[in-house]
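Written out below as structure tokens is the structure these notes cover.
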């Protein structure tokens, strides 16, 4: 009887996504591993750190609070009458203590008993918040809203839609153009295989990549806005709901991009990324959204799959300009280094997660039709 709950709630996919992000942020930058001759759990009995800031406290508490909230929500959907708060706190404590213990092998990271305690406290607070929302009936109202708006098996799409605004926070060379990773992957592989015979087998490009043409940039902007909308069209029940969802997604996308620019260049430059290409791409996306708002879910997903492959091809056959490289340095080496660890992989991998989801759903639909 528990399997339907696991399929229906979007909390479980989000729990796994957030747990992976915690692991990445806790162990970043993943290099210079070594055994220091100290037990991994020695930090538990170490003296309290002398120096700490309010930001450190807030970051440790807030970092685990969403994990506790999502896990408690998922457990409540799976086992409504179980010890949700206690089980959530236990899982969060296991995760936090494991991460702190592994940091003992990273010379650039310092494990701390205070950090572990704050992480566990944050997860506990998140779990209590989720339980409180259930007690006052908020979750029941959300369930009724979801049943009225979304088809039953919409958890995967809802998880991808929830992550999309966060993915936009990481700077991108082309507005709404997520997934431009091939150039960086090639450079990273060449660096790893340096002085190795395997480097000769690496299929490096012989032609230097060129920036996108304006028409290609317009297409990438339009497709970047269309993809979450077409994804939502496949799980919403009525065309009116599709129109409202499209409007909300476009607004959220613009606000997330503005926040990314404000974090990178300063609040005064929050809207400097809006160019002629962006406005034309927005107009094109709106026209296509309106035309497809009455289409069948399968049609929307097939078109989304084709558009996604097209956009990935355009982006990964173009180079980022030099100014974008300087922008990344602000995130990777400056004050956003921790935030960078949580966000960059969302921006890089969201289109490929969407690709797998669309292929999986379309393939399962084909098998159902064959039967």
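Table: residues versus (1) modelled with pLDDT under 70; (2) surrounded by 14 or more Cβ atoms within 10 Å (Cβ to Cβ); (3) more than 18 Å from residue 93 (Cα to Cα).
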site: 3; (1), (2), (3): yes, no, yes
site: 7; (1), (2), (3): yes, no, yes
site: 10; (1), (2), (3): no, yes, yes
site: 14; (1), (2), (3): no, yes, yes
site: 19; (1), (2), (3): no, yes, no
site: 28; (1), (2), (3): no, yes, yes
site: 38; (1), (2), (3): no, no, yes
site: 51; (1), (2), (3): yes, no, yes
site: 58; (1), (2), (3): no, no, no
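Can you name the condition, by its number, that residue 314 falls short on among (1) crowded, with 18+ Cβ neighbours inside 10 Å; (2) touching a residue at least 24 places away in the same chain (Cβ under 8 Å); (3) under 25 Å from residue 162 (Cβ atoms)?
Answer for residue 314: the failing condition is (3).
Output yes when any residue across segment 312-325 is in a helix (DSSP H, G or I), farther than 19 Å from residue 186 by Cβ, at pLDDT 60 or above and touching a helix residue (DSSP H, G or I) at 6+ places or on another chain (Cβ under 6 Å), and no when none is.
Scanning segment 312-325 turns up no residue that is in a helix (DSSP H, G or I), farther than 19 Å from residue 186 by Cβ, at pLDDT 60 or above and touching a helix residue (DSSP H, G or I) at 6+ places or on another chain (Cβ under 6 Å).
Considering 338, 361, which residue is surrounded by 11 or more Cβ atoms within 10 Å (Cβ to Cβ) and modelled with pLDDT of 90 or more?
361
Of the conditions (1) buried (at least 17 other Cβ atoms within 10 Å of the Cβ); (2) touching a residue at least 24 places away in the same chain (Cβ under 8 Å), residue 44 clears all except one; give me its number.
(1)
Within the bounds of segment 163-170, is there any residue that is at pLDDT below 95, assigned by TED's automatic domain parsing to the domain that holds residue 299, in contact with a strand residue (DSSP E or B) (Cβ under 9 Å, 6 or more places away or on another chain) and part of a loop (DSSP other than H, G, I, E, B)?
Among the residues of segment 163-170, not one is at pLDDT below 95, assigned by TED's automatic domain parsing to the domain that holds residue 299, in contact with a strand residue (DSSP E or B) (Cβ under 9 Å, 6 or more places away or on another chain) and part of a loop (DSSP other than H, G, I, E, B), which makes the answer no.
Taking the options 117, 132, 93, name whichever one is closer than 19 Å to residue 47 by Cα, surrounded by fewer than 20 Cβ atoms within 10 Å (Cβ to Cβ) and free of Cβ contacts under 8 Å to residues at least 40 places away in the same chain.
117
Need the failing condition index for residue 134 against (1) outside the structural domain of residue 252 (by TED's automatic domain parsing); (2) part of a helix (DSSP H, G or I); (3) closer than 18 Å to residue 22 by Cβ, just the number.
(3)
Output the residues belonging to segment 137-154 that are part of a strand (DSSP E or B) and farther than 14 Å from residue 245 by Cα.
Answer for segment 137-154, where residues must be part of a strand (DSSP E or B) and farther than 14 Å from residue 245 by Cα: there is none.
Scan segment 137-184 residue by residue and report those that are without any contact (Cβ under 8 Å) to a residue 40 or more places away in the chain and over 15 Å from residue 345 (Cα atoms).
Correct list: 137, 138, 140, 141, 142, 143, 144, 145, 146, 147.
Looking at (1) closer than 21 Å to residue 22 by Cβ; (2) buried (at least 19 other Cβ atoms within 10 Å of the Cβ), which one does residue 125 not meet, given that it meets all the others?
Here residue 125 meets the rest and fails (2).
Output the residues belonging to segment 275-306 that are part of a loop (DSSP other than H, G, I, E, B) and within 18 Å of residue 226 (Cβ to Cβ).
293, 294, 295, 296
Right, residue 183: within 25 Å of the chain's Cα centre (by Cα) and modelled with pLDDT under 90 or not?
yes
Scan (1) closer than 24 Å to residue 24 by Cβ; (2) modelled with pLDDT under 90; (3) crowded, with 19+ Cβ neighbours inside 10 Å for the single condition residue 351 breaks and write down its number.
Only one criterion is unmet by residue 351, namely (2).
The values are calculated or read from the model by the stated rules, or taken from the named source; none is laboratory data. Every value quoted in this text rests on a predicted model; they were computed, and no experiment measured them. Every residue, glycine among them, receives a Cβ derived from its backbone with ideal geometry; neighbour counts consider all protein chains shown.
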